[in-house]
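Working notes, beginning with the structure itself.
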Amino acid sequence: MRRPSRLLSATVAGLVVLGVATACSSAPVSGLLSDDADATRAAGLDRWGDAMNAALLDGDRGFGSSNGLDRGAAGTETPAGDWDLLVACNGVDGKRLLVSVGPGGRDEVLRTDVPCGLVTRVPVTVPRGGGLTVEVEPQSDASDAVRHGDVVSYWYVSIVHRGFEPEATVVVD
């Protein structure tokens, strides 16, 4: 797996720090969740997703993005070809990423841990027939609090054409 370019890392590092501070500043632990706490977590996820889309989405040529809270999965009908996944997360040391390709995501091609706090570029080739599924979960050695969702953690995955570089300037409210 290639390392993210310095421009990509520098651009997103500042954004991720700002996003972490903004999105997680008032989120309580899930053991004490109320309707207000759920709303706070959802609002934090909305801010996180908006910030990541502004920074990492290739709206003209990419194939979309997905984000979530703690763990989740997204399946798409991504066309055959060479793609990069731009993966970001916050709130924990890292996430486990599982990537499957083919119709219905039947062929697992990658299982790796990605660090949080920076953007990781993951190249993937989608075979003829298309289809891409990405699953994000806590790392296997994560603490019980992380695995059970007591620690707020947001994740984001963008599907972009191979070699896409996000713009260097991003404004976050």
* To do: Using a 1.4 Å probe and counting only protein heavy atoms, arrange PHE164, PHE63 so the residue with the most accessible area comes first.
  => PHE63, PHE164
* **Values of log10 I(q)/I(0), in the order q = 0.24, 0.25 Å⁻¹, for segment 46-136 under a Debye, Cα-only, solvent-free model** => -1.38, -1.46
* Using a basic spin-label model with each label point 7 Å from the Cα along Cα→Cβ, how many nm lie between ASP93 and ALA42? -> 3.3
* Structure fact -> For ALA145 and ARG162, extending 7 Å from Cα along the Cα-Cβ vector and measuring point to point gives, in nm, a value of 4.3
* Structure fact -> The FRET efficiency for ASP60 and VAL109, from their Cβ-Cβ distance with R0 = 25 Å and rounded to 0.05, is 0.45
* What number in nm² do you get for segment 106-173 if you take the convex hull of its Cα atoms and divide its surface by four? -> 6.9
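The values are calculated or read from the model by the stated rules, or taken from the named source; none is laboratory data. Just so you know, these numbers come straight off a predicted model, no measurement behind them. All Cβ positions, even for glycine, are placed from backbone atoms using ideal geometry, and neighbour counts span all protein chains on display. Please note that ligands, DNA and RNA were not included when accessible areas were found on the heavy atoms of the full protein model with its side chains. Shrake-Rupley method; radii C 1.70, N 1.55, O 1.52, S 1.80 Å.
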